[in-house]
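The values are calculated or read from the model by the stated rules, or taken from the named source; none is laboratory data. Source: prediction; values computed, not measured. We place every Cβ from the backbone using ideal geometry, glycine too, and count neighbours over all the protein chains shown.
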Amino acid sequence: MKKSIKDQKTVLLILLSNLFIAFLGIGLVIPVMPSFMNIMHLSGQTMGYLVAVFAAAQLVMSPFAGRWVDRYGRKKIIIAGLFLFGVSELIFGSGTNVWVLYTARVLGGISAAFIMPAVTAYIADVTTLEERPKAMGYMSAAISTGFIIGPGVGGFIAAYGIRMPFYFAAAIACIACISSIFILKEPLTKEQFAEISANTKHTSFFGDVRRSLNPLYFIAFAIVFVLAFGLSAYETIFSLFSDHKFGYTPKDIAAIITISSIFGVVVQLFMFGGMVDKLGEKKLIQICLITGAILAVASTLISGFWLVLTVTCFIFLAFDLLRPALTTFLSRSAGKEQGFVAGMNSTYTSLGNIVGPAAGGILFDVNINYPYLFAAVIMVIGLGITVMWKERLQEEIPE
């Protein structure tokens, strides 16, 4: 039975903590990666491959994880994801061979594929349609906060040893895993799971991909890909762009990213639910795409630290609001297929995260403004795709 957010604070706190911990763990190793790279004598190409392997593993595993969430239960997949995340960080931190690092990154990608759809489906199961946007806003804020705090925590812990942040990430994942075992309960009854499981047994990886092309889902999934593609291309190039064009120091760049991220988190926590209630997911998504496209172009024309900071704050906010708006939209349309939809959401996000940085890097070598202009074009394409919702999707999505 669905209850109000106030009536299940403990459950939501555990779910949001799980996401926060997973993304804190990813963020806290960022400051030590250059030093770790030197100790291990790794090339830049190898580091790039390690990033790609994580995204590729998440991409391949996400559809399977989505089906397993529906078949075996939300709680089991969350616990499995947290356990694998802890193991992957432990292996990476203690690794002395590059192939051990690749193994750790593959496990990390699999863990991400497990955690995201399982938590998304769990939250969709226990919240009402009216309160779901607020819950998805909290979920997005937990992810963003983990990324914001992670690098700072990692830099502090690294004072005790270059491998300590990895061990710390493994430890907090273990704590999250144990707390989930004892506090979380499966949100659906055995009868509900039996019905969903009966449907998922007849599906396959390629069947899920074909199902994602259904007009009910595909337009939203296409925008998920566009968002991940544009955002990853923008964020990947941001530090290089700021360094080459404005001569900003790492401290300047860190300040811009941190302030912009905190601004986005505050708006998500306190305003996202009200914005969805007032505008609806579709209109909010369209406003964010228009804003993102305009500001991406503006980023190539402006100068001055405070103006750059202001523009970056609002473009990050547009991206931060797009994520939960799309997730809420998809969860409303999913009905009893929350696991499948959350899994495919993760798949299309991973695909965008693989292609976006590569395209951004290639364009940056041609002209430093091209990645931002390209991101703007991609967002305009996404805006054009949303126009089809009026004809196809709005009639099909249950109220």
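Starting from residues that are within 19 Å of the chain's Cα centre (by Cα) and of a type in the set (A, V, I, L, M, F, W, C), keep the ones in region 260-284 and report whichever is nearest to residue 224 (Cα to Cα).
Top of the filtered list is 284.
If you go through region 357-399 one residue at a time, how many are in a helix (DSSP H, G or I), closer than 20 Å to residue 209 by Cβ and modelled with pLDDT under 75? Walk me through how you get there before you give the answer.
Start the filter on region 357-399 by keeping residues that are in a helix (DSSP H, G or I), which leaves 357-366, 370-386, 389-392.
In the following step, the residues that additionally are closer than 20 Å to residue 209 by Cβ were identified as 385, 392.
When the remaining residues are screened for being modelled with pLDDT under 75, the result is 392.
The qualifying residues number 1.
Of the residues that sit in region 253-277 and are in contact with a Leu (Cβ under 9 Å, 6 or more places away or on another chain) and not hydrophobic (A, V, I, L, M, F, W, C), which one is nearest to residue 142 (Cα to Cα)?
Applying the filter and picking the extreme gives 268.
Given (1) modelled with pLDDT under 85; (2) buried (at least 17 other Cβ atoms within 10 Å of the Cβ); (3) of a type in the set (S, T, N, Q), identify the lone condition not met by residue 258.
So residue 258 meets the others, but not (2).
Out of 87, 153, 119, 100, I need the residue that is buried (at least 22 other Cβ atoms within 10 Å of the Cβ) and β-branched (Val, Ile, Thr). Which one?
On the way: 87 fails: buried (at least 22 other Cβ atoms within 10 Å of the Cβ); 153 fails: buried (at least 22 other Cβ atoms within 10 Å of the Cβ); 100 fails: buried (at least 22 other Cβ atoms within 10 Å of the Cβ).
Criteria check complete, one pass: 119.
Residues to consider are 48, 27; find the one that is closer than 25 Å to residue 135 by Cα and either part of a helix (DSSP H, G or I) or modelled with pLDDT under 70 (or both).
So the residue among 48, 27 that is closer than 25 Å to residue 135 by Cα and either part of a helix (DSSP H, G or I) or modelled with pLDDT under 70 (or both) is 27.
Spot the failing condition for residue 189; the list is (1) modelled with pLDDT under 75; (2) farther than 22 Å from residue 345 by Cβ; (3) in the same structural domain as residue 361 (by TED's automatic domain parsing); (4) among the polar types (S, T, N, Q), and only one is missed.
Looking at each condition in turn, residue 189 falls short on (3).
Conditions: (1) surrounded by 16 or more Cβ atoms within 10 Å (Cβ to Cβ); (2) at pLDDT below 80; (3) within 26 Å of residue 137 (Cβ to Cβ). Residue 335 meets all but one. Number of the miss?
Only one criterion in (1) surrounded by 16 or more Cβ atoms within 10 Å (Cβ to Cβ); (2) at pLDDT below 80; (3) within 26 Å of residue 137 (Cβ to Cβ) is unmet by residue 335, namely (1).
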